[in-house]
Amino acid sequence: MIPAQKLFISLPQKKKLTLLILAAMQPGIAIAEEVIPDVITVTATRAERTSAEVPESIAIIDHERIEQEKMYNINDALKGTPGVLVESTSGAYSSRMIIRGAGLKAQYGIREVMLLRDGVPITDPDSFTRMDFIDTQDIEQIEISKGPGNIYATGSTGGAIHILSKSVFDDRRDQLRFGLGEYGNRNLHARKSYMTEEGNAFAFTASHRQSDNDWRRNNDFESNQFSFKTGFLPSENSELETEFSYTKAQLNLPGDMSEAQFQEYKRTGNQTDNNSAFKHSARNSEIFFFNSRLNVELGELTLKPRVYYNHWSHFHPVTGVINDTPGVDIWGTDLEFEYAHSLVGEDSLVAGITYRQDRNIGAKKYAYADITTAGPTITATLSDRKGDLLEVQDEINTVHGFFMQESLRPSEDWIVDAGFRFDHITIEQNTWNSDTSYNYGMGGYVTSVGSGGNTEMKHSFDLFSPRIGVTYKLNKNLSLFGNIAQGEQVPFASELESNNDLKSATSRSVEFGLKGRAQHWQFDLNAYVSEVEDEIIRVRTNGENIYQNAGGTDKKGVELSGAFQVLENTLPGKLMLGGSYAYSNYSYSEFSEIVYGMGPPTNFDRSGNQLPYIPEHYFSINATYEHPSGLKARIQSDSWGEYYLDNANTEKYGGYDFVTSFNLSYSEGPHDISLNIQNLFDKRYAVEVEKDTGGDKSYSPGAPRSAMLSYSYQF
């Protein structure tokens, strides 16, 4: 074990600041009365700064909170964050996330929100995010920056989520952890690091997650992940971090339920079937990931170049087709620098260029080989065996970007951030189609001689995302902030396939708020108004998704979160009460929805209607207790208000109330044992309800009560 001083010197600057703040929060440390506890964030400004100094709404999920969650996916940590609607319709790594309305168009997964891992964009240039290779057991902190204009967010209107993994330089996170739970839930994680006398470091990580999910059909999951991290200190003013990782994941997708099936689920707690003829949907993937970051301090100038490479393949049977992607190659670099100067005070400039290319060559779509039919309509799939080849596609997406942000500190009380991103995104597709295709209206394969052949598609988008924000420190506890920002969102490639005339969406927002930080309490309060021009809307007809531009949407909201310590002089240990609330009023200012049916397309004016799926009210409450003996307990309850099911606002779903999770743990030396219970009161509810233009509804159920018992040993 190297001396603590040596460890501290070798840590990256962000880790040093974090340790100083954590030290300030410990009783008996001399500086405890001088430092207001806060967390360090890098996501909003690309520079290390306390969250109270950031002139925008930002939420931080720290290591302590993450350790108290089961962490099968990031939903476990992000629930309860105001302005962030996150659920999983299939469990495991799968998530659907909406931040202030951005991401609503996604049928599944995450779109319109930039997601990064250790500075590397996981989100594709056309806004789709894959979560399968995120090792949720190797997360130190999650930072959520809400709204457009984020300096990290290429082509994103919803903001950025930055997942920071455990540092290779930090051996406090070495552990062996395993857990067993109901419904075949199993979790195994091991991490071991080594550090030399010179401060160079190595870390090995392995994780296994598995779930049978036998409360519903076709929903088992397994993931195996390995990583190797290195950290070198080439000189006193430089550090080099590199990571290699491998993931293999298999996930069966259960599908949605009809209304009758959902009522049966509410009665029995089991989903025995779905409302689709396709019974073998899945997503099996294999991913290789490489990331290398150099940090060099040259006086007032700090260079931060980064290069990364990602290769993934997947087998993905869905409605109508079986997707077989042999391999996608992603290369990228982020050449960033930070320059400290004194224009009006202790100021800094952050700037850089971005290049990235995603190459998906030879992706194929097949018909299902084993099916039953009634006339041309498929009534059921019998396996996921590939049949006739329907399509071969090559796709190349390229990003060229430039970003810059000037941070001015005219006095100790004022911070002014002004910056922008400019990105040029190109989407190219070459597609060969056979004469046979899946017809959604008919529900089966249709052959039309001469209809196949080769097609080409190429679109380019220039995206300008400026932001200016101001923070004013009222006193040592309170800070006011405000910002004006713009972000632009490109259409997803498959959206352009359904509607080649789609335009990029532009979101403009104004936000202001108040942040409070003290030894025994903290809070964040903000209000925002956003106007989105040409927002891309998903219209569901006969099981098919058609995408259209709305003329405009108006989004208004208020968000509040906070926590405070109670009974400080009465109870041994510490009891914290917390909660969050979000009010969302999102409506179409101009939208003519084109509805496709058996006849010609028909236009319906939806102007003034509320956006579907977004509840007007969302709130969460929690309590955390820590006893000096090592006993810890946390309980959290989430409520999701009612929302409309469709753009026509014909019907509402009542949402859910007080879905509760509970964690109880005990630590003694290096040993820790914990019990995590999800859905404590076994609520039977839907995490998502949709209604198509024909009136058919689909339900995705929330998981029933489940418990997992875990043990960990800190090396």
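The residues packed around residue 683, meaning those with a beta-carbon under 11 Å from its beta-carbon, carry a net charge of 0 if Lys and Arg are +1 and Asp and Glu are -1. Is the shape of the stretch 408-472 rounded, prolate or oblate, going by the alpha carbon gyration tensor and its root eigenvalues a ≥ b ≥ c, with a/c under 1.5 for rounded and a/b larger than b/c for prolate? Because a/c hits 1.5 or more and a/b exceeds b/c, the stretch 408-472 counts as prolate. Computed over neighbours whose Cβ is under 10 Å from that of residue 306, the net charge equals -2, Lys and Arg +1, Asp and Glu -1. Between residue 603 and residue 668, residue separation times 0.36 nm minus the direct Cα-Cα distance comes to 16.8 nm. Rounded to whole numbers, the Karplus 3J(HN,Hα) couplings from phi for the stretch 554-562 are 10, 10, 10, x, 10, 10, 9, 9, x Hz, using 6.51 cos²θ - 1.76 cosθ + 1.60 with θ = phi - 60°, and x at Gly and Pro. Relative to the Cα centre, the charge distribution of the chain, modelled as +1 at Lys and Arg Cβ and -1 at Asp and Glu Cβ, gives a dipole magnitude of about 1260 debye.
Taking 0.36 nm per residue of sequence separation and subtracting the Cα-Cα distance, how much length would be gained by fully extending the chain between residue 385 and residue 197, in nm to one decimal?
Separation in residues times 0.36 nm, less the Cα-Cα distance, equals 62.1 nm.
Kirkwood hydrodynamic radius of the stretch 259-403, from the reciprocal of the average inverse Cα-Cα distance over all distinct pairs: 19.8 Å. The order of 152, 711, going from fewest to most other C-beta atoms within 10 Å of their C-beta, is 711, 152. What number comes out for the charge environment of residue 192, summing +1 per Lys or Arg and -1 per Asp or Glu over other residues with Cβ under 13 Å away? Net of charged neighbours comes to +2. Taken about its Cα centre, the stretch 285-419 carries a charge dipole of roughly 720 debye when the Cβ of each Lys and Arg holds +1 and the Cβ of each Asp and Glu holds -1. Modelled spin labels at residue 658 and residue 329, positioned 7 Å past Cα toward Cβ, are 5.7 nm from each other.
Seen from all directions on average, the chain presents a Cα convex hull projection of 29.3 nm². I need the calculated FRET efficiency for the pair residue 353 and residue 428, taking r as the beta carbon distance and R₀ as 22 Å, to the nearest 0.05. Taking R0 as 22 Å, the efficiency between residue 353 and residue 428 is 0.55.
What does the charge dipole of the stretch 216-299 about its Cα centre add up to, to the nearest 20 debye, if the Cβ of each Lys and Arg holds +1 and the Cβ of each Asp and Glu holds -1? Before the final figure, lay out each step's value.
Numbers: 9 positive and 12 negative charges, 106 e Å.
It works out to roughly 500 debye.
If you fit an axis through the alpha-carbon atoms of helix 259-268 and take the longest principal axis of the Cα set of the chain, what angle between them do you get, 0 to 90°, nearest 10? Relative to the chain, helix 259-268 is tipped by roughly 50 degrees.
Remark on residue 682: its backbone amide H falls under 5 Å from those of 705, a criterion applied only to residues 5 or more positions apart or on other chains, H modelled at 1.01 Å from N.
For residue 589, the amide hydrogen comes within under 5 Å of the amide hydrogens of 552, 553, 554, 608, counting only partners 5 or more places away or on other chains and with H modelled in the peptide plane.
Our estimate of slack between residue 311 and residue 510, defined as 0.36 nm per intervening residue step minus the Cα-Cα distance, is 67.8 nm.
Site pair residue 590 and residue 303 shows an inter-label distance of 4.9 nm when each label is modelled 7 Å from Cα along Cα→Cβ. Along the axis of the charge dipole computed for the chain (Cβ charges of +1 for Lys and Arg, -1 for Asp and Glu, origin at the Cα centre), the listed residues 165, 154, 290 are led at the positive end by 165. Against the chain, whose longest principal axis comes from its Cα atoms, helix 13-24 is set at around 60 degrees. How high is the FRET efficiency between residue 343 and residue 527 when r is their beta carbon distance and R₀ equals 35 Å, given to the nearest 0.05? With a Förster radius of 35 Å, E is 0.65. What the Cβ-Cβ distance of residue 212 and residue 683 gives, at R0 = 22 Å and to the nearest 0.05, is a FRET efficiency of 0.55. Spin-label model, residue 235 to residue 270: label points 7 Å out along the Cα-to-beta-carbon direction sit 6.8 nm apart. Stokes-Einstein diffusion for the stretch 80-210 at 10 °C, viscosity 1.306 mPa s, with a Kirkwood radius from C-alpha pairs, works out to 97 µm²/s. Only aspartates and glutamates eight or more places from residue 248 in sequence, or on another chain, were considered; those with a Cα closer than 12 Å are 132, 135, 222, 286.
FYI, it's all coordinate maths here, none of it is from the lab. Computed from a predicted structure; not experimentally measured. Using ideal geometry, Cβ is built from the backbone for each residue, glycine included, and neighbour counts are taken over all protein chains shown.
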